[in-house]
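Here the structure is laid out as structure tokens; the discussion comes afterwards.
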Amino acid sequence: MPRSRLVTTDDWPEAELRAGVLAGELVAVGHCWASPAEPQDPALRAAAAGWVLRDQRLVAAGQTAAWIWGAVSRPPDPLEASVPPHLRLNVGPEVRLREVVLPASDVTTLGTVAVTTPARTAVDLLRTPGALGDERTEAVAGLLTLGVVTAPELGARLSALGTIPMVRQAERRLRELLSRR
């Protein structure tokens, strides 16, 4: 049976885990901990998000997906997840749900955790209502820098959305972001 790469408060008291961080034996990975020797890859971050999300019908999205892909260094608080509109779930305050229909092509699975693809993640972040905050800008820039999504790909995806809400604003945000890079 494979051993988990993560330890959690299910395994040890939080005080001992934090002491392990101070001793250099552990590093925080979201709400979990891992050995400093473990590669901080998307699979490890997805497993950490999955420990909080727990329900496999949830899809890690938005800032959470950006963190899983490695575009930002810290997960959001609360974690962001998408759920189909017909599904009703009770989650704790550590999870923010967004009801959305996600085509299968916009979702991938890392281990047992469903995550929006990098392109869908960037489009969602660009389309989020309100001022484009530093966190979302950093996340989209991080996805572009990692090369998991390209500016032409994002432009094409936004153009293909037609007249749905926030598309023009998202296109403008993308142009502004690219002009600053």
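The values are calculated or read from the model by the stated rules, or taken from the named source; none is laboratory data. Because the structure is a prediction, the values reported are computed rather than measured. Here the Cβ positions follow ideal geometry from the backbone for every residue, glycine too, while neighbour counts run over all protein chains shown. What goes into the accessible areas is simple: the full protein's heavy atoms, side chains included, and nothing from ligands, DNA or RNA. Shrake-Rupley method; radii C 1.70, N 1.55, O 1.52, S 1.80 Å.
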Computed lengthening from THR163 to ASP41, 0.36 nm per intervening residue step minus Cα-Cα distance: 40.3 nm
Rounded accessible area per residue of the chain, 1.4 Å, Å²: 55
19 Å cut-off, amide nitrogen to a point 7 angstrom out along ARG96 Cα→Cβ, residues in the range 129-167: 129-143, 166-167
Residues with amide H under 5 Å from that of LEU110, placed H, sequence gap 5 or more: VAL115
For the chain, calculated [θ]222 nm from helices alone, where every DSSP H run of n ≥ 4 adds -39500 (n - 2.57): -12500 deg cm²/dmol
Ordering of 61-68, 6-13, 114-121 by burial proxy (mean other Cβ atoms within 10 Å per residue, highest first): 61-68, 114-121, 6-13
Difference of contour (0.36 nm per residue) and Cα-Cα distance, SER73 to LEU89: 2.9 nm
Spin-label zone in the range 75-91 - amide nitrogen under 20 Å from a point set 7 Å from the Cα of ALA104 along the C-beta vector: 82-87
Extension reserve of the LEU146-ASP10 stretch, reckoned as 0.36 nm per residue once the Cα distance is removed: 45.7 nm
Accessible surface of the range 101-172 [probe 1.4 Å, protein heavy atoms]: carbon and sulfur percent: 57
Apportionment of accessible area to carbon and sulfur, the range 1-86, percent (1.4 Å): 56
